[in-house]
Every structure is written in structure tokens, then in C-alpha cells.
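Q: The following block contains the structure, expressed as C-alpha cells.
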Amino acid sequence: MECEICGKPVPENNPIRAKIEGSVMVVCKECSKLGTIQKAPAKPKFVKQTNKNRNNNKRPTTTRNRPYSRNEEPSEELIEDFSFEVRKARESKDWSREELGKRINERVSVISRIETGKMTPDVKLTKKLEKALNIKLLEKVDNIDLNQFINTSSGERTLGNVMKIKRK
């Protein structure tokens, strides 16, 4: 194992972890002086089962690491002017940002950042906003056949062709 700063060898049985400029790195003794030394991560308290033990559980095994497929693409997308719609709906109900935050169990700063467009809410938060404000923020996205936008002169898909798709 090598120091992530200078490249000197670091003992593998007892590496030094130091937080330097906000990043935790494995470093040598000299480089550890550049930051604060971090405690070693706690050892897990559970014992990992072997394959022999797992087969006796009779639980179906599912694979989490599946390859990504186009069928799993999200079918809903956040509307472009979501920040304006959230603010408009909140004001039409005569709610303050604090009151909306209490109703959906979020901080006022989160509501402020969404309304100013500085933050894009995730799907879970978007659904909470939709329910509380009785508005529609997610729209269905149709699968677009990119082959119909292929430039006939070159026959290849280009960035410009894709940009035309987005504008329509």
C-alpha cells in the first residue's frame, strides 16, 4: 500500500488515515501531519455467511447488481418550471414557506432552494410537494425513436440532432 500523497510505502496491517482538505486518505507518517488523523473504521460485528450456510436458508436469492437496461429508464420527468409552479401553488394557498415545510416535513431552506431553482427535488420530495400543493410536477416522458432524427447527409447521430429533439 502506498501513501496517496507522496507515494511512500504504508504498512498494510496498520495504515494511517488522515483527513486532509476534507478528504480522508491513506497516508504515510510525514504526510499525516498535513491533516487530522482519523480513527480506524469499526470492524463489523457480524460474521459473513459462507455459500454453504446460505443454501440452508431456503430464501430466494436476488441479484442487486443487474445491468442497466433502457426499459428501466424513468417514465416521468420533472417539469421545467417546477420552481415557479411550487411558489405559485404555495402562494395561492396563502401558506408561508415555513407552513409548507411543516406540512411535508422538510426544512424551510429546502423549500426556499426549490422555489428559487437552486435545488432540484428528488422523486420522493416531488411527490410530497405534489400531494401537499395539489399540483402536477412530474410529466410522462415518451420514448423517442432517435433513428427518425438521423441527419440524412451523414447518416450518423450527432449532438446537434439530439439537441433538435430536446427543442421539440
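Q: Looking at region 115-168 only, could you name the residues that are at pLDDT below 90, open to solvent by 70 Å² or more (accessible area, probe 1.4 Å) and touching a Ser or Thr at 6+ places or on another chain (Cβ under 7 Å)?
A: Lys140
Q: Just checking, does region 97-110 include any residue being under 20 Å from Glu77 (Cβ atoms), of a type outside the set (Asp, Glu) and touching a residue at least 12 places away in the same chain (Cβ under 8 Å)? Before you say what the answer is, go through the steps one by one.
A: Pass one, region 97-110, residues under 20 Å from Glu77 (Cβ atoms): none.
The answer is no, given that none of the residues of region 97-110 is under 20 Å from Glu77 (Cβ atoms), of a type outside the set (Asp, Glu) and touching a residue at least 12 places away in the same chain (Cβ under 8 Å).
Q: Which residues, counting only those in region 110-144, are in a loop (DSSP other than H, G, I, E, B) and out of contact with any Leu (no Cβ under 7 Å at 6 or more places or on another chain)?
A: First pass over region 110-144, keeping only residues in a loop (DSSP other than H, G, I, E, B): 116-122, 134-137, 141-144.
Thr116, Gly117, Lys118, Met119, Asp122, Asn134, Ile135, Lys136, Val141, Asp142, Asn143, Ile144, listed by residue number.
The values are calculated or read from the model by the stated rules, or taken from the named source; none is laboratory data. Remember, it's a predicted structure, so these values are computed and weren't measured experimentally. Please note: Cβ atoms are built from the backbone with ideal geometry, for glycine as well, and neighbour counts cover all protein chains shown. For the accessible areas, the whole protein counts, side chains as well, though only heavy atoms, and no ligand, DNA or RNA atoms are used. Shrake-Rupley method; radii C 1.70, N 1.55, O 1.52, S 1.80 Å.
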